[in-house]
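Okay, so here's the structure we're looking at.
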Amino acid sequence: MLLRTVRSYASTRGIGAVYKIRHENIDAVRRYSLKVSDLGKSLASSKEEPTPLGRHIRDMILATGPMSIAKYMQLALTSPIGGYYTKGQVLGRKGDFVTSPEISQMFGEIVAVWFVLHWEMMGRPSKTAFVELGPGHGTLMDDILRASRRFPGFFASIKNVHLVERSPELRRMQHNKLGCDSQLTKMAEDCDSTDTPAQSTSMTRGGLTVNWYDMVEQIDSSSDNVPLVVAHEFFDALPIYKFEKGHDGLWHEILIDIADSDRKEVAAGAAAKQQNSKRPLSGSDTNACHFKYVRTRGVTANAAFLSRDKSFGTLFDKGDQVEVSPESARIMTQISKWISDKKGMGLVVDYGQDWTQGDTFRGIKEHKFTRPLSFPGTMDLTADVDFRYLRAAAGDQVKCHGPVEQGTFLHSMGIQARLQQLLQSTSDAKLQKNLVDCYKRLTDPHSMGRIYKVLSVFPNSFQGVPVPFTQPTTEELNKPKVEKIVR
């Protein structure tokens, strides 16, 4: 069935002649492989110029004390004062990072074929709805819908497209990418911006209704449409909490405080009755950043909650650190319940590992890793996804398969056959080279092929094993659910 589906897709007239290389991203694609060792290579010798959001965070800390990393991430990414995702061009060569869909159309096409294949395995339900968490520019969903039209039965089953996106600017980009009709667009009423779409009709994708939401919980769960959930590079941007196991055997939280030189300057300014919040910060501190990490002496409520998980108490030594994302667990639980109740399916694609890590929090700016506490609001903040944690959050209500490496997933689903077809569709040597470069970037173990993982979610009623996920071996079943951190 898999080969029939892939061959049907690759040989379909019309789509075989379509080749949309993302020209503007080629240079960025070649620079995509980032090294953690790049962090902090170019440290400033003087204090960084504070951003408006940085001033706001500083004032919050001065008023209420050090804040959690989760709170810092939330502000830095989504604050209306200057959060990173409230801006437009964050993806592609002109942005700070490149995602798989922005590299090549092949990625979205393969994802579409995967859903078509398992839609058939699930008995071809007559009503479905795509749900994408964090759609970016809308490129992935656009490619999925374009490829899905080559399978009339499957495309006819799609009744709605639901996009979970908080950024008004990204919503407008998705609206344009999906070819939505402005005359048929309803604007969000509870948004500061008057031109933020909430519902529209995609004229280039068969007149499908497209809906936008701030949170997964806002999607109508009473609908009888079977949900087809996609979460591509979504969980890595959700807030994390960080903890360190102290010499007392207890977990202590790692928080963010203002740098010592800033605190001294604020105190000096207050003594001189000056309004430091309205003038640039300066100082001779050798730390150019205005913020620093601190470890709590006592046990915070968050650390106490972590201690309830026995696995964290037995598999980690004193001095070990862990990163935990309760927000990821909450959303995974929600979509798993939805998939269970509506007999749907889901695909999670992200970078990370199948165990808990302790030091992956970082910033990404101009396609390079950088210090996450520098210039709040001007860079993407991210941490590796803990797939074990996602599976645990899904619980027994669904079957989770994987994760498998992205390279394995794409090869098993026929990306090489699709590459050959696209190569044959053009005689331009430069385009052919770009095609091969993009293919390598997506599948090479030294690039995105290994660090990116794919996890599938199915209801317990689903029979069989989804492609390309295999039944776990006895050794894998006996493998500890949480691996000890290698520091």
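The values are calculated or read from the model by the stated rules, or taken from the named source; none is laboratory data. All values derive from a computational prediction rather than experimental measurement. Backbone-built Cβ (ideal geometry, glycine too); neighbour counts: all protein chains shown. In case anyone asks, the SASA skips ligands and DNA or RNA and just uses the protein heavy atoms, side chains included. Shrake-Rupley method; radii C 1.70, N 1.55, O 1.52, S 1.80 Å.
A few notes on this one:
- The set of residues in region 114-157 being surrounded by 22 or more Cβ atoms within 10 Å (Cβ to Cβ), touching a residue at least 40 places away in the same chain (Cβ under 8 Å) and not in a helix (DSSP H, G or I) consists of THR128, ALA129, PHE130, VAL131, GLU132, LEU133, GLY134, GLY136, GLY138.
- LEU315 being open to solvent by 30 Å² or more (accessible area, probe 1.4 Å) and either under 25 Å from GLU132 (Cα atoms) or touching a residue at least 60 places away in the same chain (Cβ under 8 Å) (or both): yes
- Any hit, region 259-271, residues being farther than 30 Å from ASP384 by Cβ, at pLDDT below 95 and open to solvent by less than 10 Å² (accessible area, probe 1.4 Å): yes
Rundown of residues vs (1) among the aliphatic types (A, V, I, L, M); (2) surrounded by 22 or more Cβ atoms within 10 Å (Cβ to Cβ); (3) closer than 19 Å to LEU390 by Cα, yes/no style:
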residue: PRO197; (1), (2), (3): no, yes, no
residue: THR201; (1), (2), (3): no, no, no
residue: THR204; (1), (2), (3): no, no, no
residue: ASP220; (1), (2), (3): no, no, no
residue: HIS232; (1), (2), (3): no, yes, yes
residue: ILE240; (1), (2), (3): yes, yes, yes
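- Residue satisfying all of: in region 412-443; not in a helix (DSSP H, G or I) and not polar (S, T, N, Q); most open to solvent (accessible area, probe 1.4 Å) among these: ASP428
- Among the residues listed as PHE409, PHE361, the single one being touching a residue at least 12 places away in the same chain (Cβ under 8 Å), surrounded by 19 or more Cβ atoms within 10 Å (Cβ to Cβ) and closer than 21 Å to LEU77 by Cα: PHE361
- Pairing each residue of region 443-470 that is among the small types (Gly, Ala, Ser) with any residue that is not in a loop (DSSP other than H, G, I, E, B), provided the two are 6+ apart or on different chains, yields C-beta distances under 6 Å for SER447/ARG441; GLY449/GLN406; GLY449/GLY407; GLY449/THR443; SER456/LEU347; SER456/HIS401; SER456/GLY402.
- Any chance SER328 is open to solvent by less than 60 Å² (accessible area, probe 1.4 Å), closer than 30 Å to SER221 by Cα and touching a Phe, Trp or Tyr at 6+ places or on another chain (Cβ under 8 Å): yes
- Single condition ALA393 does not satisfy, out of (1) more than 24 Å from GLN334 (Cβ to Cβ); (2) out of contact with any Phe, Trp or Tyr (no Cβ under 8 Å at 6 or more places or on another chain): (1)
- Residue that is most open to solvent (accessible area, probe 1.4 Å), among those in region 66-83 that are in a loop (DSSP other than H, G, I, E, B) and farther than 19 Å from VAL294 by Cβ: PRO80
- Taken together, LYS186, LYS177 contain a single residue that is among the charged types (D, E, K, R), surrounded by fewer than 16 Cβ atoms within 10 Å (Cβ to Cβ) and modelled with pLDDT under 95, which is LYS186.
- Residue that is farthest from ASN225 (Cα to Cα), among those in region 158-167 that are outside any loop (DSSP other than H, G, I, E, B) and of a type outside the set (S, T, N, Q): VAL164
- The residue list ASP309, ASP320 contains one member that is among the acidic types (Asp, Glu), farther than 25 Å from SER100 by Cβ and free of Cβ contacts under 8 Å to residues at least 60 places away in the same chain, which is ASP309.
- Scanning region 364-406 for residues that are in a strand (DSSP E or B), open to solvent by less than 20 Å² (accessible area, probe 1.4 Å) and within 30 Å of LYS47 (Cβ to Cβ) yields ILE364, ASP380, LEU381, THR382.
- The single condition from (1) at pLDDT below 90; (2) among the acidic types (Asp, Glu); (3) not in a loop (DSSP other than H, G, I, E, B) that ASP220 fails is (3).
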